[in-house]
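Read the structure below first, then the notes.
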Amino acid sequence: MKEKYNVKNLNRRNFLYTAGTVAVAGLTPAAISATEGKTLILSISCSPRKGKTTATAVQVALDAAKSVNPQIEVELIDLGGRHIAGYLPPEQGSQTPDDFELILPSLKAPNLGGIIIGTPVYFQNMSSLCAAFLERLAVLCQPQLLLVNKAVGVLSVGAYRNGGQELAIAQIQAAMLCHEVRIVGGKPGAHQGATLWNAFKDDIMQDEFGIDTAKKLGVRMAEAVI
Ligand SMILES: Cc1cc2nc3c(=O)[nH]c(=O)nc-3n(C[C@H](O)[C@H](O)[C@H](O)COP(=O)(O)O)c2cc1C
């Protein structure tokens, strides 16, 4: 189980994406999904620590979503090690390309059904990387709303059992409502989204309750997009 969710063991598509092979072939993962006629659930892990607890938890949610229906395709984008600048006005360099450009094709995928956003809890709120990512989503609501009616679920991981996970989730949900998305929670015990507790030295799979909430979020997302 632990091995499965070692984020080094990305599925083949994510591996190819990471390795740049897909880009060489001229197809983004989202483009491949579209050709397969599947509905895409995209997940963004917003921890600067690549492959750690947030990334593992969103992979658990994605796997749960995928198990609901074979027509669901999943993709994890780990922002760890990536550079995403927050919003800057044009005169201060907003045109400078950064890693957000790599994410845009998946966010604009015609078969995108929903997005799971995962964040670590930083001082009872989302990470600055997550805030920067959300600010950059402005290009998807102006001049045209491109995420309208997409399902959005949120997951957060904190070092304390009650470290602000629900507060961070609520902030992200509030931001995403500006896109006129459909906010999705989980099943009982996870109605607000997935809340995880990193109490086991980064082995998040040991947080049985939290992992259960991640699975419940994934299942609800699957139900919402199919
Ligand atoms: C700057 C900073 C602030 C943090 N603030 C909180 C907090 O308010 N509440 C909490 O439960 N954990 C807090 N943590 C702990 C992280 O949320 C926790 O370690 C989480 O698992 C990190 O996610 P990652 O493993 O994906 O990087 C903080 C960590 C950092 C670095």
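Tell me whether segment 136-159 contains one or more residues that are buried (at least 16 other Cβ atoms within 10 Å of the Cβ), in contact (Cβ under 8 Å) with a residue 40 or more places away in the chain and in a helix (DSSP H, G or I). Scanning segment 136-159, I find at least one residue that is buried (at least 16 other Cβ atoms within 10 Å of the Cβ), in contact (Cβ under 8 Å) with a residue 40 or more places away in the chain and in a helix (DSSP H, G or I), so the answer is yes. Set side by side, the residues 120, 110 differ, and just one is within 14 Å of the ligand (Cβ to nearest atom) and not aliphatic (A, V, I, L, M), which is 120. For segment 141-194, a residue qualifies if it is within 16 Å of the ligand (Cβ to nearest atom), under 17 Å from the mean Cα position of the chain (by Cα) and among the charged types (D, E, K, R), and exactly one does: 166.
Name the residue that is nearest to the ligand (Cβ to nearest atom), counting only residues in segment 84-99 that are under 18 Å from residue 50 (Cβ atoms) and touching a Leu at 6+ places or on another chain (Cβ under 9 Å). By that ranking, first place goes to 84. Scanning segment 206-220 for residues that are surrounded by fewer than 21 Cβ atoms within 10 Å (Cβ to Cβ), under 11 Å from residue 196 (Cα atoms) and touching a residue at least 12 places away in the same chain (Cβ under 8 Å) gives 209, 212.
Taken together, the values in this text are just the output of simple stated rules run on the coordinates, not laboratory data. A quick note: this is a predicted structure, and the numbers were derived from the prediction, not measured. Quick reminder, even Gly has a Cβ in these numbers, built from the backbone with ideal geometry, and neighbours come from all protein chains shown.
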